[in-house]
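Working notes for the structure below.
The values are calculated or read from the model by the stated rules, or taken from the named source; none is laboratory data. Keep in mind it's a predicted model, so treat the numbers as computed, not measured. Note that each Cβ is placed from the backbone with ideal geometry, even for glycine, and that neighbours are counted across all protein chains shown.
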């Protein structure tokens, strides 16, 4: 969920005021962060533009097998970094997918291979945003 890739100074506070609990505007990090917005904090979920299929497909003319290699390399490299430094903060990758890219036979096959590869890595957790919010809840809550 994101209001735009161009938020202004009011965007996050307005989002929090409407009951939104997270935003996908974290384009410059692989680490979850909590924004101290009023009336409630907003979780900033990393959403690096380099792993969004639409941009790779439309702007860079990448095909399904290119995206497969990109996604596998991106996530496995973060896992290797985590294994090398287990005390570092956990990293998150929200991969944007769109039906006109991965909804094709070649795209679906590539996505299936990506998921199989990531599931085989013990340091990778494939999940949804709600489960991630629950898991992050303890470490990202405000101190009371």
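Figures for the structure shown
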item: Evaluation of residue 50 against (1) touching a residue at least 24 places away in the same chain (Cβ under 8 Å); (2) surrounded by 13 or more Cβ atoms within 10 Å (Cβ to Cβ) (one fails), failing number; result: (2)
item: Residue list for the range 3-19, filter: at pLDDT 85 or above and in contact with a strand residue (DSSP E or B) (Cβ under 7 Å, 6 or more places away or on another chain); result: 12, 15, 16
item: Answer from 101, 114, 124, 75 - the residue that is touching a helix residue (DSSP H, G or I) at 6+ places or on another chain (Cβ under 8 Å), part of a loop (DSSP other than H, G, I, E, B) and closer than 25 Å to residue 64 by Cα; result: 124
item: Candidates 123, 111, 133 - the one that is closer than 21 Å to residue 34 by Cα and surrounded by 11 or more Cβ atoms within 10 Å (Cβ to Cβ); result: 133
item: Of all residues in the range 26-47 being closer than 19 Å to residue 71 by Cα and out of contact with any helix residue (DSSP H, G or I) (no Cβ under 8 Å at 6 or more places or on another chain), the one that is surrounded by the fewest Cβ atoms within 10 Å (Cβ to Cβ); result: 28
item: Meets criteria (over 21 Å from residue 124 (Cβ atoms) and surrounded by 15 or more Cβ atoms within 10 Å (Cβ to Cβ)) for residue 62; result: yes
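Here's the yes/no breakdown for (1) at pLDDT below 85; (2) under 26 Å from residue 124 (Cα atoms):
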residue	(1), (2)
29	yes, yes
36	no, no
52	yes, yes
72	no, yes
79	no, yes
84	no, yes
89	no, yes
